[in-house]
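Peer 1: Dropping a structure here in structure tokens format, bear with me for questions.
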Amino acid sequence: MFEGFTRYQLNRPLTDEEKAARLPTGEPCSATPKDGFTAFSISESCLEISDARFRDKGYGLLAFLLPGMASLAGILLILWMMTHMPPIYAERGETGIVYGGLSFCLVIFMGLFGVGVWAMMRDCFGYTRYPIRLSRQNQMIYAFRHNGPGGLVSVPWDKAFFYVERRAKAGAARTASRLVRCLVLSDSGQVIDTFSLGKRVVLAFEEDSEVGQQVMGEFYSFFEYYRRFMADGASAVPPITQFLPTKISLRNSLKMQFEDVSDIVNSPNPALWLLFALTAIPSVIQGCLNYLAQLTCREPVWPEDVERACNAAPRTTKRLAT
């Protein structure tokens with residue numbers, strides 16, 4: 001199965017890496033629980049949070065607009081060249097060679113265009129978000145997939161296998177991402193489904209470095225927030241001061257991209273200011289693409305039985321300004 005752009009293998013046993021990175025639900029992993037700006041709403045009976053790809057919506061649209069549209073232009077150019085072949089190639093007897101070369105390039109461009117369309121479809125024409133609900137009332141986790149029958153994954157909290165997914169360094173910046181992933185296991189211990197939850201963090205340094213440990217400390221505090229909520233309720237965790245937006249607007253999309261600006265502005269570290277200067281324009285572009293992608297998507301609708309299970313108490317639903 002795919003989650004975003006990443007393929008996950010199912011119907012397999014747990015790996016040693018997954019077992020070593022497990023996050024037990026019965027033990028604290030941080031002394032300071034934080035919501036990490038990952039919650040849509042909260043009540044005494046239910047906490048609704050994002051999955052790890054919520055902030056990434058827009059990258060697929062970017063892949064379509066850059067290599068995808070460039071490939072489409074290449075396809076149209078090659079087709080024009082094939083239908084407007086100069087007579088000199090026929091006179092030289094080189095028509096077959098030219099058509100062969102153009103056909104080869106056409107196949108390459110069509111393949112690249114197909115990849116761009118596939119990437120766009122991962123972002124567009126789906127759902128504005130794929131939320132996760134932690135229901136304290138019946139100690140269940142619900143992961144939204146799509147509206148209608150069979151559109152969610154549910155697993156008891158005490159049977160869910162949580163672990164830290166550590167991805168290798170990639171990209172020109174050589175950064176590595178970390179996220180919390182839940183594996184749904186069969187009675188025989190086989191992985192039969194999976195979903196991410198919370199917020200993905202990105203490491204530019206080694207995990208055991210001073211900066212890396214600070215980032216991971218923040219990362220673990222997010223899961224500790226969910227764990228304590230399920231154990232002791234909303235009164236046992238710090239109040240949420242800012243909820244993730246559910247209304248589609250350019251302002252909300254940009255706010256998500258610049259959620260850490262206040263920390264950077266108040267920091268005396270010049271390296272953070274430099275990082276902000278380098279990433280400001282890409283962040284604006286990503287915010288705009290996130291907004292455009294969401295305009296094509298539908299709102300998720302939870303099944304009635306999940307709503308009943310998760311709404312035993314009034315819910316707090318403060319939203320970002322729009």
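Peer 1: Being hydrophobic (A, V, I, L, M, F, W, C), within 30 Å of A204 (Cβ to Cβ), in the same structural domain as I49 (by TED's automatic domain parsing) and in contact with a Leu (Cβ under 7 Å, 6 or more places away or on another chain): is that true of V164 here?
Peer 2: For V164, the condition - hydrophobic (A, V, I, L, M, F, W, C), within 30 Å of A204 (Cβ to Cβ), in the same structural domain as I49 (by TED's automatic domain parsing) and in contact with a Leu (Cβ under 7 Å, 6 or more places away or on another chain) - is met.
Peer 1: State whether one or more residues within the range 208-222 are under 17 Å from G36 (Cβ atoms) and in a strand (DSSP E or B).
Peer 2: No, the range 208-222 contains no residue that is under 17 Å from G36 (Cβ atoms) and in a strand (DSSP E or B).
Peer 1: Of (1) aliphatic (A, V, I, L, M); (2) free of Cβ contacts under 8 Å to residues at least 60 places away in the same chain; (3) touching a Cys at 6+ places or on another chain (Cβ under 9 Å), L203 satisfies all except one. Which?
Peer 2: Result: L203 fails condition (3) only.
Peer 1: Can you name the residue in the range 24-39 that is touching a strand residue (DSSP E or B) at 6+ places or on another chain (Cβ under 8 Å) and hydroxyl-bearing (S, T, Y) and, of all such residues, is surrounded by the most Cβ atoms within 10 Å (Cβ to Cβ)?
Peer 2: Only one residue fits best here, namely T38.
Peer 1: One residue is enough: does the range 233-249 have a residue meeting the conditions surrounded by 16 or more Cβ atoms within 10 Å (Cβ to Cβ), modelled with pLDDT under 85 and not in a loop (DSSP other than H, G, I, E, B)?
Peer 2: no
Peer 1: Restricting to the range 10-39, what's the tally of residues that are more than 30 Å from P245 (Cβ to Cβ) and either among the aliphatic types (A, V, I, L, M) or not in a loop (DSSP other than H, G, I, E, B) (or both)?
Peer 2: Qualifying residue count for the region: 11.
Yes or no, residue by residue, for (1) buried (at least 18 other Cβ atoms within 10 Å of the Cβ); (2) touching a Cys at 6+ places or on another chain (Cβ under 8 Å); (3) not β-branched (V, I, T):
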position: E3; (1), (2), (3): no, no, yes
position: L14; (1), (2), (3): no, no, yes
position: S41; (1), (2), (3): yes, no, yes
position: A52; (1), (2), (3): yes, no, yes
position: R55; (1), (2), (3): yes, no, yes
position: L61; (1), (2), (3): yes, yes, yes
position: L66; (1), (2), (3): no, no, yes
position: S71; (1), (2), (3): yes, no, yes
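To keep it simple, each residue is scored yes or no on (1) within 27 Å of R227 (Cβ to Cβ); (2) in contact with a helix residue (DSSP H, G or I) (Cβ under 8 Å, 6 or more places away or on another chain).
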{"position": "R7", "(1), (2)": "no, no"}
{"position": "A20", "(1), (2)": "yes, no"}
{"position": "T32", "(1), (2)": "yes, yes"}
{"position": "G60", "(1), (2)": "no, yes"}
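Peer 1: Any residue that is within 28 Å of R145 (Cβ to Cβ), modelled with pLDDT under 95 and assigned to a helix (DSSP H, G or I) - is there at least one of those in the range 267-287?
Peer 2: Yes, the range 267-287 contains a residue that is within 28 Å of R145 (Cβ to Cβ), modelled with pLDDT under 95 and assigned to a helix (DSSP H, G or I).
Peer 1: In addition: Quick test for you: out of A170, A119, A143, A160, pick the one residue that is surrounded by fewer than 14 Cβ atoms within 10 Å (Cβ to Cβ) and either at pLDDT 95 or above or closer than 21 Å to L61 by Cβ (or both).
Peer 2: Numbers: A119 fails: surrounded by fewer than 14 Cβ atoms within 10 Å (Cβ to Cβ); A143 fails: surrounded by fewer than 14 Cβ atoms within 10 Å (Cβ to Cβ); A160 fails: surrounded by fewer than 14 Cβ atoms within 10 Å (Cβ to Cβ).
Going through A170, A119, A143, A160 in turn, just one is surrounded by fewer than 14 Cβ atoms within 10 Å (Cβ to Cβ) and either at pLDDT 95 or above or closer than 21 Å to L61 by Cβ (or both): A170.
Peer 1: I've got another one for you. Kindly evaluate A143 against the criterion of being touching an Asp or Glu at 6+ places or on another chain (Cβ under 9 Å) and among the aliphatic types (A, V, I, L, M). It would help to see each step written out before you state the result.
Peer 2: Values: touching an Asp or Glu at 6+ places or on another chain (Cβ under 9 Å): yes; among the aliphatic types (A, V, I, L, M): yes.
Here the answer is yes, as A143 does meet what is asked.
The values are calculated or read from the model by the stated rules, or taken from the named source; none is laboratory data. Because the structure is a prediction, the values reported are computed rather than measured. Because the Cβ atoms are built from the backbone with ideal geometry, glycine has one as well, and the counts that use them run over all protein chains shown.
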